[in-house]
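The values are calculated or read from the model by the stated rules, or taken from the named source; none is laboratory data. Just so it is clear, the structure is predicted and the values come from calculations on it, not from any experiment. Every residue, glycine among them, receives a Cβ derived from its backbone with ideal geometry; neighbour counts consider all protein chains shown.
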Amino acid sequence: MARGRVRRRWLDLVCVLFLAVVAFGVFGPDPGQPVNRVGAGARRIGEEVRSAAPGGRVGAGPTPAPAGDLVGGLSSEEVGNIVMFVPFGLLFPSRWPRWRRWTIPAGVALSAGIELTQGLFLSWRSPSLIDIRWNSLGAVLGFSLWLAGRAALRRRLPAA
C-alpha cells in the first residue's frame with residue numbers, strides 16, 4: 001500500500017475517533033444540569049439571542065453556574081470546550097489539505113451545528129452561544145499548531 005494511502009487511513013481512523021468523542025459530548029448528558037429540565041435548552045438559547053440583540057435587555061441572559069477557575073479565570077467547562085476543538089484544527093487540514101483554508105470556518109460551523117442540535121432536539125442539554133466562541137478558539141489553536149508544525153517540518157526537510 002502506498003505511503004500516502006496508509007497516512008490517509010490513519011487520519012480517517014483518528015477523525016472517526018474524534019467525532020465519536022464529540023458525539024458523546026453532544027448527545028450525552030449535560031454534566032451541569034439535571035436531566036429533568038425539559039425544554040430548558042431552547043429557552044436558554046432564546047434568552048441569549050434576545051439579550052444579544054440590539055435593544056435587548058443587558059444581562060438578561062442566563063448566568064453561568066459558578067465553577068472552579070483553571071487557567072486565567074476560565075472555568076473547567078470553558079477549557080473543555082477549547083480543548084475539544086483543538087484536534088479539529090489539527091485533523092481537518094491534515095486530512096483535507098486542499099481545504100485547509102476552510103479549517104476555522106468549518107470549526108465554527110461544526111460548533112454552531114452542535115449548539116443548534118442541542119437547542120432544538122436535546123432537551124436534556126443546555127446549549128450556549130458562548131460555547132461556539134470557545135470551540136472556535138480551540139479550532140484556531142489547533143490550526144495554529146498545525147501551521148507551526150508544518151513550518152517546522154519544511155525547515156527541517158530538504159527541498160525535493
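Quick notes
- Some residue of the range 40-50 being under 29 Å from Gly149 (Cα atoms), out of contact with any Pro (no Cβ under 9 Å at 6 or more places or on another chain), modelled with pLDDT under 90 and part of a helix (DSSP H, G or I): no
- Residue in the range 146-159 that is in a helix (DSSP H, G or I) and under 13 Å from the mean Cα position of the chain (by Cα) present: no
- The conditions of being assigned to a helix (DSSP H, G or I) and under 22 Å from Gly25 (Cβ atoms) are met by Gly89.
- Close pairs from the range 108-129: first part of a helix (DSSP H, G or I) and surrounded by fewer than 19 Cβ atoms within 10 Å (Cβ to Cβ), partner small (Gly, Ala, Ser) and modelled with pLDDT of 90 or more, Cβ under 6 Å, at least 6 apart: Val108/Ser136
- Selection count, the range 85-107, where residues are among the basic types (Lys, Arg) and buried (at least 22 other Cβ atoms within 10 Å of the Cβ): 0
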